[in-house]
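This report concerns only the one structure given below.
The values are calculated or read from the model by the stated rules, or taken from the named source; none is laboratory data. Keep in mind that this is a model prediction, so the values were computed, not measured. When we count neighbours, we look across all protein chains shown, and the Cβ atoms used for this are built from the backbone with ideal geometry, even at glycine.
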């Protein structure tokens, strides 16, 4: 009988779990605030998956500043998973494109640190085994732009630092990017609002009154998004007219869109070169993440319309539940394809 | 016998107290995290000043996003002071240049909200009763640039929103401004480091191993400043060479200096006009705040060397203790000059 594998994606703000059979769960968890609670939170998350035969792990949470170094972060995260594994085998995805056991993962911590983009790209490569693909994964905090050649990740950077420098990791997402990152010193240099508020106010993302994972802990509604943005101009929700916060929201979203446009455009020459080496000339864009809507908007612009032959949506392929935990589902699937 | 008056400056991150007789105390207090604890924290702060006959208050803490509106913030702060006043009279400075009683303050909340710059400028005006003065007060979070004509504040804006728009409130200070505000999307869009780390790394401010009021809660030392800045480039203190964080620190500080230079320079035409109306042609720059060192650096540049005849340091005038609580000392002094 085939094994059931539970994939885990352990980030700095969210824990995600998914089996290769398609069940998935996610939970917000502020790792940087309470690293000692990680094992407990993981245990709660994976208890419903007691039938899984083994665990496959990827992470980004090691970059949290509660850990003095990435080495410490990787060790802490791997140990937490082992603590809740109930003696099931644990494997960790590495940017070499293979799984490492837990000892290897702790030893070669830079190969497993922030490797979830690589797991996702390897998984996505399964959809486009021939041709040139650009994976545009816009998450809550960051955007991964991963070139894929004949189904294999073909990025130039492996570490966060290198990937940021090379434009493969763009440090903006649809949720957590602070408004001050875009507004700079033209507004309050405070963590009063995020780009999520801008998207909320412009109606690009749905309101959710139950969601209080916001800058001020008030609900993710347009009303409160207005309030949060009003503080960025030294106002408050009553004093500041909504046209002012609307203008601010448009400025934030336009800057975000321009940034992403420019970074994707900067990769086109590289994709064009890769095409010489590809087994097929077809060019795919694969969009994914909670910011998929933004990626779709981008791809309606030139030069992207002319360049890409096809667009694939991971959300459509996987459905909402699995795509919300896509890197976890990716490592589960990759592990199932690579039996122990 | 003359009254002893206790001045209080209630900010979002610090509580400051000073008497008109020159005793002073300050305590960090994260008002935005624990508004319900304000009265308790104030009580502890002012207990050593039991001999004071009355209380004079100014604030900026009402802008914290724990308060839904500035109105709520002012009411909460005024009530907290009343709770710990032990029936002593309480007065609140207003941007009309007069004190309000607590009922008036709650009613006319916009006149007392964020009025501490006005209290400080009115106090500073006492040093330069004839001529044109620019007060450059660089604090931990913000910088106030206040024109003073013949000893009276002569700013065009009164509210935070107006003052930001008019360049009289510049939202940067030497301590709390997030590094991401200056670095934008060229670095991690996270609250991993502040400009304080840049100043620490460049040796412009002293290390303090006991001070953990930093982005990651680790000490305010050069070593840990390097660690905090390393995360801004996706690295960690071990992986990232110190020359990289040094470069980052220089970029942050240069941008901050340029911003402040430009904003001060933009006020020169207005100061020149004011001079036509002044009772004396002399032009003063008064520097103050924990970022006074930065203001002094600025004033060594043109056009400031040519424009200002004289520079006064509030830190030198008041000494380190009172100047660290300057707005509190200012309201205490102003209240003593205006007996009930």
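Taking helices (runs of 4 or more DSSP H) as the structural unit, those lying wholly within segment A:97-213 and holding at least 2 residues that are away from chain B (no Cβ under 14 Å) and buried (at least 24 other Cβ atoms within 10 Å of the Cβ) correspond to A:116-125, A:195-201.
Report yes if some residue within segment A:278-287 is at positive phi, away from chain B (no Cβ under 14 Å) and touching a strand residue (DSSP E or B) at 6+ places or on another chain (Cβ under 8 Å); otherwise report no.
As a first pass, look at segment A:278-287 and keep what is at positive phi: none.
No, segment A:278-287 has no match at all.
When residue B:27 is tested against (1) modelled with pLDDT of 95 or more; (2) more than 14 Å from every other protein chain (Cβ to nearest Cβ); (3) outside any helix (DSSP H, G or I), just one condition goes unmet, and that condition is (1).
Is one or more of the residues making up segment A:67-82 at pLDDT 95 or above and within 23 Å of residue A:321 (Cα to Cα)? Yes, segment A:67-82 has at least one match.
Looking for something surrounded by 23 or more Cβ atoms within 10 Å (Cβ to Cβ), under 19 Å from residue A:236 (Cα atoms) and in contact (Cβ under 8 Å) with a residue 12 or more places away in the chain - is there at least one such residue anywhere in segment B:32-53? No - not one qualifying residue is present in segment B:32-53.
Any chance segment B:216-223 includes a residue that's within 13 Å of chain A (Cβ to nearest Cβ), buried (at least 24 other Cβ atoms within 10 Å of the Cβ) and farther than 30 Å from residue B:267 by Cβ?
We begin by selecting, within segment B:216-223, every residue within 13 Å of chain A (Cβ to nearest Cβ); these are B:216-219, B:223.
From what is left, the residues that are buried (at least 24 other Cβ atoms within 10 Å of the Cβ) are none.
No, every residue in segment B:216-223 fails to be within 13 Å of chain A (Cβ to nearest Cβ), buried (at least 24 other Cβ atoms within 10 Å of the Cβ) and farther than 30 Å from residue B:267 by Cβ.
Considering (1) in contact with a strand residue (DSSP E or B) (Cβ under 7 Å, 6 or more places away or on another chain); (2) under 30 Å from residue A:189 (Cα atoms), the lone condition that residue B:100 does not fulfil carries the number (2). Report whether or not residue B:238 is modelled with pLDDT of 95 or more and buried (at least 20 other Cβ atoms within 10 Å of the Cβ). So residue B:238 fails the test.
Quick check: anything in segment A:235-249 facing another protein chain (nearest Cβ under 7 Å) and in contact with a strand residue (DSSP E or B) (Cβ under 6 Å, 6 or more places away or on another chain)? No, segment A:235-249 contains no residue that is facing another protein chain (nearest Cβ under 7 Å) and in contact with a strand residue (DSSP E or B) (Cβ under 6 Å, 6 or more places away or on another chain). A single member of B:285, B:328, B:295, B:249 is crowded, with 19+ Cβ neighbours inside 10 Å and in the same structural domain as residue B:53 (by TED's automatic domain parsing), and it is B:328.
Apart from one condition, residue A:38 fits all of (1) in the same structural domain as residue A:210 (by TED's automatic domain parsing); (2) within 16 Å of residue A:8 (Cα to Cα); the exception is (1). In this entry, residue B:19 passes the filter for residues that are under 25 Å from residue B:290 (Cα atoms) and at pLDDT 95 or above.
Listed conditions (1) under 30 Å from residue B:215 (Cα atoms); (2) modelled with pLDDT of 95 or more are all met by residue B:140, apart from (2).
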